[in-house]
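Some notes on the structure that comes next.
The values are calculated or read from the model by the stated rules, or taken from the named source; none is laboratory data. Please read these numbers as outputs of a predicted model, since none were measured by experiment. Please note: Cβ atoms are built from the backbone with ideal geometry, for glycine as well, and neighbour counts cover all protein chains shown.
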Amino acid sequence: MATEGTAVSGGTERDERVANASVLVVSDHPNPGKIARHWEPLADIAGETTMVCINDADDVDGISFVTVPDFGYRLLGIPLLLLVGLREAIGNEYDVVASISLVPYGTFGLVIGALTDTPTHLGIIGADIDQHARAWYGAVPRWLIRRFDSVSVPGTTHTDRLVDAGVDPERIFILTNAIDVAEYSPPEEDAVRAYDFVWIGRFSREKAPTRFVEALADLRARGHVFSAVMIGDGDRTEATRELVERYELTDSVTFTGWVDDPATYYHQSRVFVLTSRRDAMPLTLVEAMATGVAPVVPRIGSIPDVAEHEWNALVVEKRTASALADAMERLLEDCELRRELTARVTEVRSTHSYEAARNDWRRILATLLATG
């Protein structure tokens, strides 16, 4: 399998080709900060990286942006990505067309690659395999995914699912879901831990913020006193606030809204809790671990790649409020266990750094350039 590097053995000529490669990225991120996380490692090792998008990020080095107008409505701009991307690819000679998420950006990239005879890469974060490939129309996304010259996933679980979907194992790569380890680092030893629990994410049905509140209510019913902070926003924010009031937890739960730099809250928290219904490799989990916060997580997606039960995390087999509360209670009561987990979680700083992602991209580009 290509993740082991067997298909892209090292060599000066190969390294030079990667360093001189020109890559066209067709993608868009409503939060421009995600551009740096997903694409800056690629830009660091490729000769030229151009991104066709609606939202650019001027502070990302190494990427030239071709922006598409959305006239104030993002849905108007998205179809134009295909046309502008195709014009860019025809007008310039690119070695690779890359994208993240099959619908719509990956599909756009696949069309552009086919029309310009350019190798294509698809980055899968989770929904493509977890949701679309398993839906009643799943044969279509599975067929489309098989058309890419290379596909990357954030962990081993999704690698297995791609193989099951008929993707050639030699074209599958694990691409590190990287964080800036300089930004997400452990706090000073005397840092004040104001919160026992931190939850962070999009307030949506998928991320299940109300499940966190239910677990807190279970803890309160058991007689525990605690403090918790919930970071983020979304369409489930009001429902979550109402549930906090119903359980009379307003004195224990703080809502911050969206926070651009959550590192401060990680530093102030003892335990990170994930409640998602599905996830691939949550950046929030990696961030929390990198800053030295003990995690309580469900066994979903590729989370077991980084979270090992009772080694650096407490992993719950059932994503119920009571199961989460059981694990949270253990870390409230057993300070020694919490210290042991905290001492080990920061190992992700070496495995999920930008440098690790750069090495992954080198392997991906080397394979694509060999087939181009």
>> Name the residue that is surrounded by the fewest Cβ atoms within 10 Å (Cβ to Cβ), counting only residues in the range 88-109 that are more than 22 Å from the chain's Cα centre (by Cα) and in contact (Cβ under 8 Å) with a residue 24 or more places away in the chain.
In response: Glu93
>> Looking at Leu110, Leu24, can you tell me which residue is touching a Ser or Thr at 6+ places or on another chain (Cβ under 7 Å), assigned to a strand (DSSP E or B) and assigned by TED's automatic domain parsing to the domain that holds Ser150?
In response: Leu24
> What about Ala133, is it outside the structural domain of Trp361 (by TED's automatic domain parsing), crowded, with 22+ Cβ neighbours inside 10 Å and of a type outside the set (S, T, N, Q)?
Replying inline: no
> How many residues are under 25 Å from Arg330 (Cα atoms), more than 22 Å from the chain's Cα centre (by Cα) and small (Gly, Ala, Ser) when one looks only at the range 226-265?
Replying inline: 3
>> All but one of (1) more than 22 Å from Glu329 (Cα to Cα); (2) out of contact with any strand residue (DSSP E or B) (no Cβ under 6 Å at 6 or more places or on another chain); (3) of a type in the set (Ser, Thr, Tyr); (4) modelled with pLDDT of 90 or more hold for Thr156; state the number of the condition that does not hold.
In response: (4)
> Which residue, of Val286, Val293, is over 19 Å from Arg205 (Cβ atoms) and in contact with a Phe, Trp or Tyr (Cβ under 6 Å, 6 or more places away or on another chain)?
Replying inline: Val293
>> Checking the conditions here, which among Asp251, Asp279, Asp260 is among the acidic types (Asp, Glu), modelled with pLDDT under 95 and surrounded by fewer than 22 Cβ atoms within 10 Å (Cβ to Cβ)?
In response: Asp260
> Can you spot a residue in the range 94-102 that is under 17 Å from Leu162 (Cα atoms) and hydrophobic (A, V, I, L, M, F, W, C)?
Replying inline: yes
> In the set Ser302, Ser269, which member is in contact with a Phe, Trp or Tyr (Cβ under 7 Å, 6 or more places away or on another chain) and of a type in the set (Ser, Thr, Tyr)?
Replying inline: Ser269
>> If I ask for residues that are buried (at least 16 other Cβ atoms within 10 Å of the Cβ) and under 23 Å from Ala98 (Cβ atoms), which ones from the range 318-358 would you list?
In response: His352, Ser353, Tyr354, Ala356, Ala357, Arg358
> Of the residues Ala217, Ala307, Ala208, Ala228, which is buried (at least 16 other Cβ atoms within 10 Å of the Cβ) and free of Cβ contacts under 8 Å to residues at least 24 places away in the same chain?
Replying inline: Ala307
